[in-house]
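**Q** Following this message is one structure expressed as C-alpha cells.
A short reminder: the numbers here are calculations on the coordinates, not readings from a lab. Just so we're clear, the structure is a prediction, and the values are computed from it rather than from any experiment. Because the Cβ atoms are built from the backbone with ideal geometry, glycine has one as well, and the counts that use them run over all protein chains shown.
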Amino acid sequence: MSDIKSRVVSIIIDKLGVEEAEVTTEASFTNDLGADSLDTVELIMEFEKEFNIAIPDDQAENIQTVGQAVSYITEHAK
Amino acid sequence: MELKRVVVTGLGALTPIGNTVEEYWNALLSGKSGAAPIKQFDASKFKTQFACEIKNFDVNDFIDRKDARKLDQFSQYAMVSATEAMVDSQLLESNPNRDRIGVIWGSGIGGLKTLQDEHEDFMNGDGTPKFNPFFIPKMIVDIAAGHISIKYGLRGPNYATVSACASSTNAIIDAFNLIRLGKADAIVTGGSEAAVTIMGVGGFNGLRALSMRNDSPETASRPFDKDRDGFVLGEGAGALILEDYDHAIKRGAKIYAEVAGGGMSSDAYHITAPHPDGIGARNVMIEALKDAELQPEDVDYINVHGTSTPLGDIAEPKAIKHVFGEHSYKLNISSTKSMTGHLLGAAGAIEAIACILAVKHDIVPPTINHFTDDPEIDNKMNFTFNKAQKRKVDVALSNTFGFGGHNTSAIFKKLK
C-alpha cells in the first residue's frame, strides 16, 4: 500500500469507526462506510490537515470513495 | 381540567461518588467525598487544583467509539445516565406510544470543552477557519436531549432548560407540568454537566467561587461549617423517568415516589450573590408547597442547595426558618454537595434522586465535613452533620438556586 493510501485508510478507520477490511478502493463513504454528510465534511478536513493541502468545495463534492480520495491527494499533495 | 398525577419510574446517575444509582446512594449514606486533585488537565497553576471528577469511567464501555467522538462529555454523561434510567424503568418494554414520550434535559453550560478545544485549534492555526462540522452540534446545550430522543425514538416534547445551577430542577418541573397537563405520557428528564475544564475551573476561580483548600480536597466542600471557603466543582449526570401515574400503573411499572409539586422564583437582586434575606429562596419553597398542596409541617427532609459558599449557606437556612417556623427544628436538612461537589446544571437531578431515595428508604444522607459551627447559622436546625440519619421521610424537598437569581424547588412524596 502506498504511503498516501495507508494514511488515508487510517484516517477513515479513525473517523468512521470501521474495520480496515471494509476500506476498499471502491468503498463509498456514504453508501458503504456509514458516513453522513457531516462525517464526509470532516473526512475532507482531516485529509487537508494530514496532507497540508486545500480541497475546494467543488472538488470535495467529487471525492466520494476511498479511491477518489487517494487519487486526488496523490495528484495535489506537495 | 383535572391534573394528572406524576410518578418517578426510573433513575440513572453518573456521579463523582458512584457511577450508578446504587453506587451513588451507598456512597451518599456512607458519607464519601468525591473530591481529589484534577486529572483531566494540568491544574498546577490554578488557584483551585481539585474537583469532584467522575472516576473509573471509560465512555467506550457505553457508547460506540465513532458515536462517542461526536458527543461532548456533557452529552456522553447524559447518554449514560439516561440509559440507566430507561433500562431501570422498562418503559419501552411495554411498547408505548413514543410520540407521547419526551426528553427535557438541563445543563448549565453545555459543551464547554468542545468550545475550548475548537477555539484553541483556531488560535494555534494561521487564522484560516477550519472548524469541525461537529463543533456546533457538539457544543449546543440542547443537544443532549436530542441525542437521547434519537437513541430511543422518543418523538414527544424535546428541549433543554438552562438556569445555571437550577437547570435540571427546571427540567424536572417542566417535565412534571407537561405530564400533568396531559401533554406527554412520560418524559426522560434530569441534567448533565462537564465543566471540569481549563475554562470551567479558571472561570469559576475568576469569580472567587471555588474552594481553594488544595491541601485537603476531601474536606473542602463543608456546607454550613464556619471555615467554608467556596464550592467544589463537580461533574456528571442524573436522569429520571417521570410518568403519568395511570400510564405507569397500567404497564405495572415499579414506582419510586410521586412528584408532589414544584416552585420557581427569582431573586431579582444580583447576578451571582443570593439575596441576603433569601427572599427568592423563601418564595420558591412557599410556591412549591402550595403547588403540592402540602403544609410546611408535612416536609421531613430538605436537600438544600448548600454549596459551601460563605453567603449562600447563611441565606438559605434563614429562608427555611422563615417558611417552616418551629418545624424547621424538626425536619432534617442536608447538603449532599458536601460529598458530590457542585454539579452545576446536573445538581438538581442528582439531588432529586437523593430525595427520592430518602423517601423510598426512610433515611437521610448526611452533610459531611462539619467541624466548627458558624455562629451566623442557627445550629439548632438539624443539618444531618457527618452521619446519615434514619427517620420516616414521607415528603422531601430539593432546593436549587442558580447564578442569575433563578430559584427552584421540587417536592417528592411517598406514593399513597
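**Q** Please average, across the residues of B:214-220, the number of beta carbons from any other chain that are within 10 Å of each residue's own beta carbon, and give a whole number.
**A** Working: counts 0, 0, 0, 0, 0, 0, 0.
Counting other chains' Cβ atoms within 10 Å and averaging over B:214-220 gives 0.
**Q** Moving on to the next point. Fewest first, what order do B:CYS355, B:CYS52 take by the number of other Cβ atoms within 10 Å? Before the final figure, lay out the partial values.
**A** Details: B:CYS355 26, B:CYS52 30.
With the sparsest Cβ surroundings first, the list reads B:CYS355, B:CYS52.
**Q** Give, rounded to the nearest 20 debye, the magnitude of the charge dipole that the protein assembly as shown has about its Cα centre when Lys and Arg contribute +1 at Cβ and Asp and Glu contribute -1 at Cβ. Intermediate values should be presented prior to the final figure.
**A** Values: 48 positive and 68 negative charges, 362 e Å.
Roughly 1740 debye for the protein assembly as shown.
**Q** In whole angstrom, note down how far apart the Cα centers of segment B:117-170 and segment B:25-101 are.
**A** Between the Cα centres of segment B:117-170 and segment B:25-101 lies a distance of 16 Å.
**Q** Within 10 Å of each Cβ of A:30-39, how many other protein chain Cβ atoms are there on average? Could the numbers behind the result be given before it?
**A** Details: counts 0, 0, 0, 0, 1, 1, 1, 1, 5, 4.
Counting other chains' Cβ atoms within 10 Å and averaging over A:30-39 gives 1.
**Q** Then there is this: Ranked highest first by average number of other Cβ atoms within 10 Å, how do B:202-214, B:259-271 line up? Don't skip to the answer; put the middle values down first.
**A** Details: B:202-214: 17.3, B:259-271: 19.0.
Highest to lowest by the protection proxy: B:259-271, B:202-214.
**Q** For peptide B:132-140, how many partner chain Cβ atoms fall within 10 Å of a residue's Cβ, on average? Working shown, then result.
**A** Working: counts 5, 10, 4, 1, 0, 1, 0, 0, 0.
Per residue, the average neighbour count from other chains is 2.
**Q** I would also like to ask the following. Each label point is 7 Å from the Cα along the Cα-to-Cβ direction; what then is the distance between the points at B:ASP67 and B:SER266, in nm?
**A** Output for this residue pair reads 3.9 nm.
**Q** Taking the Cα centre of segment B:7-251 as origin, sum charge times position over the Cβ atoms of Lys and Arg (+1) and Asp and Glu (-1), and report the length of that vector in debye to the nearest 20.
**A** Values: 25 positive and 31 negative charges, 57 e Å.
In debye, rounded to 20, segment B:7-251 gives about 280.
**Q** To continue, here is another question. Please arrange B:LEU29, B:LEU14 by counting, for each residue, the other beta carbons lying within 10 Å of its beta carbon, fewest first.
**A** Values: B:LEU29 19, B:LEU14 30.
With the sparsest Cβ surroundings first, the list reads B:LEU29, B:LEU14.
**Q** Let me ask something additional. From the square roots a ≥ b ≥ c of the eigenvalues of the alpha-carbon gyration tensor of segment B:4-114, which class results: rounded (a/c under 1.5), prolate (a/b over b/c), or oblate?
**A** Numbers: a/c = 2.21, a/b = 1.57, b/c = 1.41.
Since a/c reaches 1.5 and a/b is larger than b/c, the shape of segment B:4-114 is classed as prolate.
**Q** Write out the trypsin sites (Lys or Arg not before Pro) in segment B:229-310 meeting two conditions: DSSP loop, and at most 14 other Cβ atoms within 10 Å of their Cβ. Spell out each step's value before the answer.
**A** Values: sites: B:LYS250, B:ARG251, B:LYS254, B:ARG282, B:LYS290; in loops: B:ARG251, B:LYS254.
Those satisfying the criteria are B:LYS254.
**Q** For segment B:321-379, run through the chymotrypsin sites (Phe, Trp or Tyr not before Pro) and keep only the ones in DSSP coil with at most 16 other Cβ atoms within 10 Å of their Cβ. Kindly include the intermediate steps, with their values, before the conclusion.
**A** Numbers: sites: B:PHE324, B:TYR329, B:PHE371; in loops: B:PHE371.
Listed in order of number, the matching sites are B:PHE371.
**Q** Can you tell me the FRET efficiency between B:HIS327 and B:ASP99 if r is taken as the Cβ-Cβ distance and R0 is 45 Å, rounded to the nearest 0.05? Provide the component values of the computation, followed by the final result.
**A** Details: r = 44 Å, r/R0 = 0.98.
The pair B:HIS327/B:ASP99 has a calculated efficiency of 0.55.
**Q** With a ≥ b ≥ c taken as the square roots of the eigenvalues of the C-alpha gyration tensor of chain B, please select rounded if a/c is under 1.5 and otherwise prolate if a/b is larger than b/c or oblate if it is not?
**A** Numbers: a/c = 1.64, a/b = 1.06, b/c = 1.55.
Here chain B falls in the oblate category.
**Q** Would you be so kind as to identify which of B:SER167, B:PRO223, B:THR9 lies farthest towards the positive end of the dipole of segment B:7-251, taking Lys and Arg as +1 and Asp and Glu as -1 on Cβ and the Cα centre as origin?
**A** B:SER167
**Q** Only loop residues by DSSP count here, and only those with at most 11 other Cβ atoms within 10 Å; note down the GluC sites (Glu not before Pro) in segment B:90-179 that meet that.
**A** Filter output for segment B:90-179: empty list.
**Q** Within segment B:99-116, whose backbone N sits under 11 Å from a point 7 Å along Cα→Cβ of B:ASP42?
**A** none
**Q** Can you work out the Karplus-derived ³J(HN,Hα) for every residue in segment A:35-49? Use 6.51 cos²θ - 1.76 cosθ + 1.60 with θ = phi - 60°, whole Hz, and x for glycine or proline.
**A** 7, 9, 4, 5, 4, 5, 4, 5, 4, 4, 4, 5, 4, 4, 5
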